[in-house]
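Colleague: Can you read through this structure? Questions will come right after.
The values are calculated or read from the model by the stated rules, or taken from the named source; none is laboratory data. As the structure is a prediction and not an experimental result, all values here were calculated from the model. Here Cβ is always computed from backbone atoms with ideal geometry, including for glycine, and neighbour counts include all displayed protein chains.
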Amino acid sequence: MLHNLLKPLVIAAAIAIISATSYWVGLNHNSVVFIDMKQAIARPATMLAKSSLSPSKQQVILARYSSTLSRVIKDYGSNHHVTVIAATVLYKGQANDITNEIITKTLERVRHG
């Protein structure tokens, strides 16, 4: 008789543990986004080359941009609770690409900072 009651309790406990674990993993799941570093550096350099700024001024701005870029990426990851992977993108078809957003945020910091 005890055996008949124990089996459903064990099954219920196992289901509760699996459900709680799934819920906890879901809450602590860290999403992954990526940035195409080649584009993150090349696009602003191309924009500067097309500007009317002198080459020396372009180099100063690009140096400031490059030194600010890693801080912006780190801040983005921290603020959005995501892991940022920097890589050369072979195919761009995912919504997790933050390259344009990082370029914009970095240029804004360079402009205002």
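Colleague: For residues that are among the polar types (S, T, N, Q) and either touching a Lys or Arg at 6+ places or on another chain (Cβ under 9 Å) or not in a loop (DSSP other than H, G, I, E, B) (or both), scanning just segment 52-74, find the one that is farthest from I103 (Cα to Cα). Break it down stepwise before answering.
Modeller: First, pick out the residues of segment 52-74 that are among the polar types (S, T, N, Q): 52, 54, 56, 58-59, 66-68, 70.
Retained after the next criterion (residues that are either touching a Lys or Arg at 6+ places or on another chain (Cβ under 9 Å) or not in a loop (DSSP other than H, G, I, E, B) (or both)): 56, 58-59, 66-68, 70.
Values: S56: 21, Q58: 16, Q59: 17, S66: 10, S67: 13, T68: 10, S70: 11 Å.
Once the filter is applied, the top-ranked residue is S56.
Colleague: On to the next question. Among the residues of segment 16-39, is any exposed (fewer than 11 other Cβ atoms within 10 Å of the Cβ), modelled with pLDDT under 90, over 32 Å from the mean Cα position of the chain (by Cα) and small (G, A, S)?
Modeller: Within segment 16-39, one or more residues are exposed (fewer than 11 other Cβ atoms within 10 Å of the Cβ), modelled with pLDDT under 90, over 32 Å from the mean Cα position of the chain (by Cα) and small (G, A, S).
Colleague: In contact with a helix residue (DSSP H, G or I) (Cβ under 7 Å, 6 or more places away or on another chain) and either surrounded by 15 or more Cβ atoms within 10 Å (Cβ to Cβ) or at pLDDT 90 or above (or both), is that true of T46?
Modeller: Numbers: in contact with a helix residue (DSSP H, G or I) (Cβ under 7 Å, 6 or more places away or on another chain): no; either surrounded by 15 or more Cβ atoms within 10 Å (Cβ to Cβ) or at pLDDT 90 or above (or both): yes.
In short, no.
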